[in-house]
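Trainee: Take a look at the following structure, please.
Computed from the coordinates by the stated procedures, all read-outs in this text should not be read as laboratory data. Everything numeric here is computed off the predicted structure, so don't read it as measured data. Backbone-built Cβ (ideal geometry, glycine too); neighbour counts: all protein chains shown.
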Amino acid sequence: MNCPSCAEEAPDGAKWCEACGHDLATEPRPTCVSCGEREVADDGYCLSCGHKQPAERDHMELRHGPVVAVTDRGRRHRHNEDAVAIGATESGAAVLVVCDGVSSTPGSAEASLRAAGAARDLLVAGLDGQDAAAVDTESLLRLAVEAAQHEASASTDQEPSTSQIDGGPPSSTFVAVVVSPTVEAIELATAWVGDSRAYWIGNGSARRLSTTDHELAGSLVRWLGADSIDPTPDIETVTVSGHGHVLVCSDGLWRYADEPGELADLLKRLVGDGRQGLALASALVDFANEQGGHDNITVALWSDDQPGSVPDATPQPPEPPTP
């Protein structure tokens, strides 16, 4: 065997490394993401180069069936207050939930995480084993927002002092899309509170699913949390056809490309480069970081059974008939 600390050989059964004294019975320290040394202390700092290791919430990648998600701290914020939760059912339905914790309200990272998870769990449970036509998806989404609001408000109880801190109790935005594909079309039901967004980017069409931000003069007018004045969601259902992607994201992405056509062009380029699944979602996060990464960035992405199809927001005219 080799010592996990200094890599020197040690005889099988040895309890201590003769070269560095490392206790071979203990778990090895994690490798520093900056210098590669196994010198990361319990407080997260590398004892060799001093680099602070990323927290788990700083960057997370998720996959569930046809749904993938990436959430990232970005380049300017110290913490990631975004949260994402995804799910899929055996019947083919999919759930994408993104919550953007408001960074000016302490404890919002916990609020967004609890809200996203509660909504996802309720939606998946309500859809699982059901025929899509038999489910009142909009009513289910209202219940999911109520569950998310309850969890976001309850997070205040975990940190009772936050209501006395500047910014008020924890709060979060919310957006969820239920994707119900059939042989003929795809039904997209969207609920949102705040300014996180959802888009459909398809072959020949691109549209925004969360049609209006709950924002006035740069400030939220609807959000989830104990001090929310109006947590009522807007809910819209549309039916689309053809192949494409459902993109659900926080403003860490869309503020760099907010128009459906812009996102369609970006996706077309990335898919053309061979990006699919998690690689495609990660590339969207990378794009936002390359633009400055001023906010936390979260992307949840559903793709149909043609993941390599290239979305195009501008329908092309048909080829003229051959004489």
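Trainee: Roughly how big is the chain's charge dipole about its Cα centre, with Cβ charges of +1 (Lys, Arg) and -1 (Asp, Glu), in debye to the nearest 20?
Mentor: Values: 21 positive and 51 negative charges, 86 e Å.
Computed about the Cα centre, the dipole is about 420 debye.
Trainee: No solvent, one uniform scatterer per C-alpha: report log10 I(q)/I(0) for segment 182-298 via the Debye equation at q = 0.09 1/Å, two decimals.
Mentor: At q = 0.09 Å⁻¹ the computed log10 ratios are -0.27.
Trainee: I'd like the Karplus ³J(HN,Hα) series for segment 100-116: coefficients 6.51, -1.76, 1.60, θ = phi - 60°, whole numbers in Hz, and an x wherever there's a Gly or Pro.
Mentor: 10, x, 6, 5, 7, 10, x, x, 6, 4, 5, 4, 5, 5, 5, 5, 5
Trainee: Right, here's the next one. Please work out the FRET efficiency for the pair residue 37 and residue 104, using the Cβ-Cβ distance as r and a Förster radius of 41 Å; give the result to the nearest 0.05.
Mentor: On the way: r = 37 Å, r/R0 = 0.90.
That gives a FRET efficiency of 0.65.
Trainee: List every residue whose amide H lies under 5 Å from the amide H of residue 214, counting only residues 5 or more places away in sequence or on a different chain, with H placed 1.01 Å from N in the peptide plane.
Mentor: Those lying under 5 Å, H to H, from residue 214 are 194, 195.
Trainee: If we sort 246-254, 214-222, 135-143 on the protection proxy, mean other Cβ atoms within 10 Å, highest first, what's the order?
Mentor: On the way: 246-254: 28.1, 214-222: 12.7, 135-143: 16.9.
Packing proxy ranking, top to bottom: 246-254, 135-143, 214-222.
Trainee: Extension gain residue 219-residue 276, at 0.36 nm per residue separation less the Cα-Cα distance, in nm?
Mentor: Details: separation 57, 0.36 × 57 = 20.52 nm, distance 3.49 nm.
Extra length available between residue 219 and residue 276 comes to 17.0 nm.
Trainee: Would you work out which of 176, 212, 254 lies farthest towards the positive end of the dipole of segment 56-303? Charges go on Cβ: Lys and Arg +1, Asp and Glu -1.
Mentor: Checked the options; the winner is 254.
Trainee: Same structure, new question: How long, wide and thick is segment 56-303, going by the Cα atoms along their three principal axes, in whole angstroms, largest first?
Mentor: Principal-axis extents of segment 56-303 (Cα, largest first): 53, 42, 34 Å.
Trainee: What FRET efficiency comes out for residue 48 versus residue 24 if R0 is 25 angstrom and r is the Cβ-Cβ distance? Round to the nearest 0.05. Walk me through the intermediate numbers first.
Mentor: Working: r = 20 Å, r/R0 = 0.82.
Plugging the Cβ-Cβ distance into 1/(1 + (r/R0)^6) gives 0.75.
Trainee: Identify which of 21, 92, 277 has the largest mean-square fluctuation in a Gaussian network model of the chain, with springs joining Cα atoms closer than 10 Å.
Mentor: Highest fluctuation of the listed residues: 21.
Trainee: For the chain, what is the calculated [θ] at 222 nm in deg cm²/dmol (nearest 500), taking -39500 (n - 2.57) for each run of four or more DSSP H residues and dividing by its residue count? Please list the in-between numbers first.
Mentor: On the way: 5 runs with 73 residues, N = 323.
One gets -7500 deg cm²/dmol as the mean residue ellipticity at 222 nm.
Trainee: Only bridges with both residues in segment 101-233 count here: give the DSSP antiparallel percent, nearest 5.
Mentor: On the way: 17 of 17 bridges.
Beta bridges within segment 101-233, antiparallel portion: roughly 100 percent.
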